[in-house]
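Asker: One structure is given below, represented as structure tokens, and several questions about it will come after.
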Amino acid sequence: MKVTIAYIEEPPFGWTENNRIATGADIELAEVVLRAIGVTRIEHRLTSFSELLPGVQAGHWDMNVPLFVTPERAKLVAFSEPVWAIGDGFLVRAGNPKALYSYASLANRDDARLGIIAGQVQHASAKAAGVHPDQMVIFEHQADAIDAVLSGHIDAYASTAVGNRILVDRIGGSVLEAVEHKPKMNGKRQELPVGAFSFSRENSGLLNAVSAHLRSYLGSPDHRARMARFGLTRNEIDPVLAR
């Protein structure tokens, strides 16, 4: 049985090594789960974020690496059991020269520019917090957004907090800094958005098999050890186990 999984260049979740081998936390998790359910051949398809949902819908591949679950996306594809829960953060130049610690703080500065990958949930979060469309610059690929931060074309790149931490570790803290958002709680426990693998609605067999194994595997010592190698800890794993 062969399964093709699509991924994007977004460490620590997925990226392509110099030897053209796909790796990352989500790639590793998919590999373990698919092998456990009897898949004998796994192929990886590098694509752009905007093509993930249309591609799996059209049957160009069998499943996508995890992405944030939203009601709008759930109308288009079928999601597996959630595999992580992660908050947003900014990637900024070292020292955070414009003191950007949240979408609201960025919205309050007319001279601040925010980079966002097309179609990602951070776009909606920024708009909801009052960031004006003129303050946002949309990119197709993460690498372009990072280059824009480094060059000063934008002041912050919005992505996952854990992803930005990994990027700083790889690129160097002398030039970039990861800022984790500290949203207002208003007396309530903050619910982190969750991510899950996604499938065509016609591919229920693979979806059900993957979800069934995830339910027994997530949170196991093997799972935690594998994810720790990519910087994902109990902070990202435990919230989905308590659902």
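Asker: Out of V210, V179, I need the residue that is at pLDDT 95 or above and in a strand (DSSP E or B). Which one?
Answerer: Working: V210 fails: in a strand (DSSP E or B).
Being at pLDDT 95 or above and in a strand (DSSP E or B) holds for just one of V210, V179, which is V179.
Asker: Quick test for you: out of F49, F79, pick the one residue that is over 22 Å from Y157 (Cβ atoms) and of a type in the set (F, W, Y).
Answerer: Values: F49 fails: over 22 Å from Y157 (Cβ atoms).
One residue alone meets the criteria, F79.
Asker: With the condition being touching a residue at least 40 places away in the same chain (Cβ under 8 Å) and buried (at least 18 other Cβ atoms within 10 Å of the Cβ), I'd like the strands (runs of 3 or more DSSP E) fully within the range 1-118 carrying at least 3 qualifying residues.
Answerer: On the way: elements: 2-7, 41-46, 63-68, 88-93, 114-117.
Of the strands (runs of 3 or more DSSP E) lying wholly inside the range 1-118, those with at least 3 residues that are touching a residue at least 40 places away in the same chain (Cβ under 8 Å) and buried (at least 18 other Cβ atoms within 10 Å of the Cβ) span 2-7, 63-68, 88-93, 114-117.
Asker: Do we find that Q135 is touching a strand residue (DSSP E or B) at 6+ places or on another chain (Cβ under 7 Å) and in contact (Cβ under 8 Å) with a residue 24 or more places away in the chain in this structure? If you could, list the steps in order and put the result at the bottom.
Answerer: Numbers: touching a strand residue (DSSP E or B) at 6+ places or on another chain (Cβ under 7 Å): yes; in contact (Cβ under 8 Å) with a residue 24 or more places away in the chain: yes.
Yes: the conditions hold for Q135.
Asker: Modelled with pLDDT under 95, surrounded by 16 or more Cβ atoms within 10 Å (Cβ to Cβ) and on the phi < 0 side of the Ramachandran plot: which single residue out of A161, A196 fits that description? Give the derivation first.
Answerer: On the way: A196 fails: modelled with pLDDT under 95.
Sole residue among the options that is modelled with pLDDT under 95, surrounded by 16 or more Cβ atoms within 10 Å (Cβ to Cβ) and on the phi < 0 side of the Ramachandran plot: A161.
Asker: Go through E31, E9, E51, E43 for me and flag whichever is in the same structural domain as N208 (by TED's automatic domain parsing), within 13 Å of H141 (Cα to Cα) and modelled with pLDDT of 95 or more. Give the steps one after another, and end with the answer.
Answerer: On the way: E31 fails: within 13 Å of H141 (Cα to Cα); E9 fails: modelled with pLDDT of 95 or more; E43 fails: within 13 Å of H141 (Cα to Cα).
Going through E31, E9, E51, E43 in turn, just one is in the same structural domain as N208 (by TED's automatic domain parsing), within 13 Å of H141 (Cα to Cα) and modelled with pLDDT of 95 or more: E51.
Asker: Could you please let me know if S220 is out of contact with any strand residue (DSSP E or B) (no Cβ under 7 Å at 6 or more places or on another chain) and either among the hydrophobic types (A, V, I, L, M, F, W, C) or not assigned by TED's automatic domain parsing to the domain that holds A107 (or both)? Before the answer, list the steps.
Answerer: Working: out of contact with any strand residue (DSSP E or B) (no Cβ under 7 Å at 6 or more places or on another chain): yes; either among the hydrophobic types (A, V, I, L, M, F, W, C) or not assigned by TED's automatic domain parsing to the domain that holds A107 (or both): yes.
For S220, the condition - out of contact with any strand residue (DSSP E or B) (no Cβ under 7 Å at 6 or more places or on another chain) and either among the hydrophobic types (A, V, I, L, M, F, W, C) or not assigned by TED's automatic domain parsing to the domain that holds A107 (or both) - is met.
Asker: Also: Could you check, for the range 137-147, whether at least one of its residues is under 30 Å from N208 (Cβ atoms) and of a type in the set (V, I, T)? Don't jump to the end; show me each part of the working.
Answerer: Narrowing the range 137-147 to residues under 30 Å from N208 (Cβ atoms): none.
Scanning the range 137-147 turns up no residue that is under 30 Å from N208 (Cβ atoms) and of a type in the set (V, I, T).
Asker: Can you tell me which residue is farthest from L167 (Cα to Cα) among those in the range 226-243 that are basic (K, R) and not in a helix (DSSP H, G or I)? Lay out the reasoning, then the answer.
Answerer: Applying the first criterion (basic (K, R)) to the range 226-243 yields 226, 229, 234, 243.
So of that shortlist, the ones also not in a helix (DSSP H, G or I) come out as 229, 243.
Numbers: R229: 14, R243: 29 Å.
Filtering the range 226-243 for residues that are basic (K, R) and not in a helix (DSSP H, G or I), the one farthest from L167 (Cα to Cα) comes out as R243.
The values are calculated or read from the model by the stated rules, or taken from the named source; none is laboratory data. As the structure is a prediction and not an experimental result, all values here were calculated from the model. Quick reminder, even Gly has a Cβ in these numbers, built from the backbone with ideal geometry, and neighbours come from all protein chains shown.
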